[in-house]
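The values are calculated or read from the model by the stated rules, or taken from the named source; none is laboratory data. Computed from a prediction, not measured in an experiment: that's the story for all the values here. Glycine also receives a Cβ, built like all others from the backbone with ideal geometry; neighbour counts cover every protein chain displayed.
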Amino acid sequence: MSIPPTSVRIGVIGFGQWGPNHVRNFSLLDGCEVVRICDASDQRLQSAQKFLRGVAVTKNAADITGAADIDAVIVATPTSTHFALVKAALEAGKDVLCEKPLAQTSAQCRELADLAARHGRILMVGHVFLYNPGVLHLKTDLDRGELGRVYYMDAVRTNLGPVRKDVGAIFDLASHDISIFNFLLNALPVEVSATGNSVLQAGIEDVGFLTLYYPGNVVCHAHASWLNPRKVRLLTIVGDHKMAVWDDMNNLEAVRYYDKGVTADHYTSFGEFHMILRDGQITIPKVKMFEPLQKQDAEFIACLRARIQPAADARCGLAVVLVMEAAMESYRNHGRAAKVAPV
């Protein structure tokens, strides 16, 4: 299927938490038209028709995945449904944007990635933080060596709710930080150790603590919880030249650079060895703010037109699930480190 030069016809499956945001974004993009929305709830479908006048609605996902009048499919449904819906859309020749995670298992993700490649389709995964202005600013500076050699990263992602029933806090929340770590370091961890606890629902963790070991002796840590009194979205990066803090809850001063570090003083004997602490200025760069989801959706359409892969492509989605699988293996083994399988 080729994309029309003037209009991309969109079908959205799922009108719950993220679906309405996608409908809004694609309706505002030039050369895009949301032509059909699918959801299992009559109430949500009624809301969809009020949200976008004249849009067709259906309860049958096949009316979107197999429809001749639709070019691209947005999958914004629970994780357990992703594989079947994305597979059906790809086999019907559609390009697909699927919310994260791409699927429940790496085997499913790999099958979808291979299927998209065979059919020449664009398969994008909604790892929206790859399109966050703060993360993109950090990526640019890391790539040009502003922080020097990276020693470690520490991420905190907590809140009270929303509590999910299909996946735990590691899959739901830590997956964001895994995608950020992979993106900033341009690498996958070699192994992962994870601990946590299931309190509210048996077998579904409410809190997770992950330690990820990346090539180059870089260690990353993630604290994810939906059972916490404070909403925190914080990332600390420590390099040998500078340190950085990204606070996603602070729209005015999202990124701060600290000219701080530790160096060994010159010495002639072991007894003279000591460390020198460098405590310099704090710099707050001007970060141009924009809505990450809007940028992500716009890139999806741009990639459809140019027939190029997005940053958050199927292999990116597969990599995140591979890391999460290793994390869950470690979690089940009380924190014993688990190897991450190659992409």
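Which residue, of 164, 110, is outside the structural domain of residue 75 (by TED's automatic domain parsing) and of a type in the set (D, E, K, R)? Outline the logic, then answer.
On the way: 110 fails: outside the structural domain of residue 75 (by TED's automatic domain parsing).
Of the residues listed, the single one that is outside the structural domain of residue 75 (by TED's automatic domain parsing) and of a type in the set (D, E, K, R) is 164.
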Qualifying residue in the stretch 102-117 (condition: closer than 30 Å to residue 31 by Cβ and basic (Lys, Arg)): no
Complete set of residues in the stretch 221-266 that are within 25 Å of residue 284 (Cβ to Cβ) and free of Cβ contacts under 8 Å to residues at least 12 places away in the same chain: 250, 252
Scan of the stretch 142-171 for residues that are of a type in the set (Val, Ile, Thr) and over 17 Å from the mean Cα position of the chain (by Cα), ordered by number: 150, 163
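Pick from the stretch 92-104 the residues that are assigned to a loop (DSSP other than H, G, I, E, B) and within 16 Å of the chain's Cα centre (by Cα): which of them is surrounded by the fewest Cβ atoms within 10 Å (Cβ to Cβ)?
Within the stretch 92-104, the subset assigned to a loop (DSSP other than H, G, I, E, B) is 92-94, 100-104.
Now drop any that are not within 16 Å of the chain's Cα centre (by Cα), which leaves 100-104.
Values: 100: 21, 101: 26, 102: 33, 103: 26, 104: 19.
Per the stated criteria, the residue is 104.
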